[in-house]
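The next block holds one structure in the form of structure tokens; read it before the comments.
The values are calculated or read from the model by the stated rules, or taken from the named source; none is laboratory data. Since this is a predicted model, take the numbers as computed values, not measurements. Ideal geometry is used to build each Cβ from the backbone, glycine not excepted, and the neighbour counts take in all protein chains shown.
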Amino acid sequence: MIEVSNLVKMYGDRLVLDNVTFSIKKGEIVGLLGLNGAGKSTTMNILTGCLSKTGGVVEIDGQSYDDHANQIKKKIGYLPEIPPLYVDMTVNEYLSFVYDLKKVVENKQEHIAYVCQKAGIADMRKRLIKNLSKGYKQRVGIAASLLGNPDILIFDEPTVGLDPNQIIEIRNLISEMGKEHTVILSSHILSEVQSVCERIIVLKQGKIVADNSPDALRNEYLNRISMDIHIKGDQHTIQQTLESMDNVYEVTLKDEIRPSVFVFEVVFDGQDKTKEDLFYSCSNKQLPILAMASNSKTLEDVFLSLVKDDNKEEDQS
């Protein structure tokens with residue numbers, strides 16, 4: 001349904017999206033995950049036609065924005081991070097206004113009643129938007145995105161600033177939307193995406209660094225064993241010895257706790273003989289192991305390992 005190939009976005013000489021490629025099937029609920037500045041909002045703005053691309057191809061149902069922009073936009077409902085609400089309008093007035101902007105063909109009153117019911121704001125239609133809680137304002141934004149019955153819903157950070165109860169309500173609402181629409185959900189919060197999405201795309205500095213189901217990501221990375229190892233010897237020799245082991249995935253120097261005694265974090269691809277292999281490798285190089293401690297990894301750790309060093313914030317994230 002959605003095909004993105006080698007998508008590139010430049011702001012001047014700054015590369016924001018670097019050959020991003022992915023596809024999304026009809027009916028999927030997909031999470032875009034990444035730190036602030038990773039390129040999530042930029043990707044979404046290009047998908048919705050709000051932002052031009054520098055290069056690459058974006059197709060919705062086989063149509064590209066280059067040739068069919070108006071037709072594609074009718075297939076997409078979009079909720080930006082900050083919903084563009086006119087707070088001095090009532091909910092009904094605002095949705096009527098958006099209905100006209102979108103040139104929706106369904107019966108106006110019936111259709112607005114329908115989206116209000118779907119968004120859980122049927123009782124709020126006569127209320128001024130400025131008098132609603134932030135959670136209900138988000139629901140108004142969701143109702144607006146549903147106008148015209150779009151095939152695709154795109155939500156950018158839909159629970160930012162909400163209290164825990166409101167977050168749960170919006171999550172449940174999005175899950176319900178996913179039964180009838182293709183949904184793309186952007187967030188930098190892992191639990192947010194994990195709770196509603198069947199697939200996660202992780203962006204780091206404008207590149208895709210992971211694309212799989214939450215369970216597959218967990219299995220791929222959490223099967224790895226992480227240990228802090230205290231070893232005495234020459235730093236360079238220790239690092240070379242650890243990196244030369246067949247089942248070692250990553251070696252990181254954490255500290256020198258006293259002269260010639262180093263703490264390395266070593267991530268192994270979870271094999272039964274890991275400690276035994278480590279002992280013999282270090283023994284052969286006369287590198288005494290003074291202590292070892294296992295580190296338990298969570299799915300949050302997986303995410304952080306995927307996006308580490310991506311701490312550059314951008315105005316367009």
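What to note about this one:
- Looking only at residues of the range 188-208 that are among the small types (G, A, S) and surrounded by fewer than 23 Cβ atoms within 10 Å (Cβ to Cβ), we find that the one that is nearest to V302 (Cα to Cα) is S191.
Yes or no, residue by residue, for (1) under 16 Å from P84 (Cα atoms); (2) in contact with a Pro (Cβ under 8 Å, 6 or more places away or on another chain); (3) not charged (D, E, K, R):
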{"residue": "R127", "(1), (2), (3)": "no, no, no"}
{"residue": "K130", "(1), (2), (3)": "yes, no, no"}
{"residue": "Y136", "(1), (2), (3)": "yes, no, yes"}
{"residue": "V140", "(1), (2), (3)": "yes, yes, yes"}
{"residue": "L147", "(1), (2), (3)": "yes, no, yes"}
{"residue": "E157", "(1), (2), (3)": "yes, no, no"}
{"residue": "N165", "(1), (2), (3)": "no, no, yes"}
{"residue": "I168", "(1), (2), (3)": "no, no, yes"}
{"residue": "Q194", "(1), (2), (3)": "no, yes, yes"}
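- Note on the range 131-147: residues that are farther than 21 Å from N107 by Cα and in contact with a helix residue (DSSP H, G or I) (Cβ under 9 Å, 6 or more places away or on another chain) total 8.
- Boolean, Q138 is of a type in the set (S, T, N, Q), in contact (Cβ under 8 Å) with a residue 12 or more places away in the chain and out of contact with any Gly (no Cβ under 6 Å at 6 or more places or on another chain): yes
- One residue from Y99, Y86 being assigned to a loop (DSSP other than H, G, I, E, B), touching a helix residue (DSSP H, G or I) at 6+ places or on another chain (Cβ under 9 Å), at negative phi and aromatic (F, W, Y): Y86
- Number of positions in the range 71-83 that are under 13 Å from P158 (Cα atoms) and assigned to a loop (DSSP other than H, G, I, E, B): 4
- For the range 103-111, the count of residues that are in contact (Cβ under 8 Å) with a residue 40 or more places away in the chain, under 30 Å from E198 (Cα atoms) and in the same structural domain as R139 (by TED's automatic domain parsing) is zero.
- Of the residues D234, D228, the single one that is farther than 30 Å from R14 by Cα and within 31 Å of the chain's Cα centre (by Cα) is D228.
- Among the residues of the range 213-231, the ones that are surrounded by fewer than 19 Cβ atoms within 10 Å (Cβ to Cβ) and at pLDDT 90 or above come to 2 in all.
- Filter result (at pLDDT 75 or above, assigned to a helix (DSSP H, G or I) and not basic (K, R)) within the range 274-303: T274, E276, D277, L278, F279, Y280, S281, C282, S283, N284, F303
- All conditions but one from (1) assigned to a strand (DSSP E or B); (2) of a type in the set (A, V, I, L, M); (3) closer than 30 Å to I174 by Cα; (4) without any contact (Cβ under 8 Å) to a residue 40 or more places away in the chain apply to V209; the one that does not is (4).
- Hits in the range 125-169 - residues which are part of a helix (DSSP H, G or I) and in contact with a strand residue (DSSP E or B) (Cβ under 9 Å, 6 or more places away or on another chain): I129, Q138, G141, I142, A144, S145, L146
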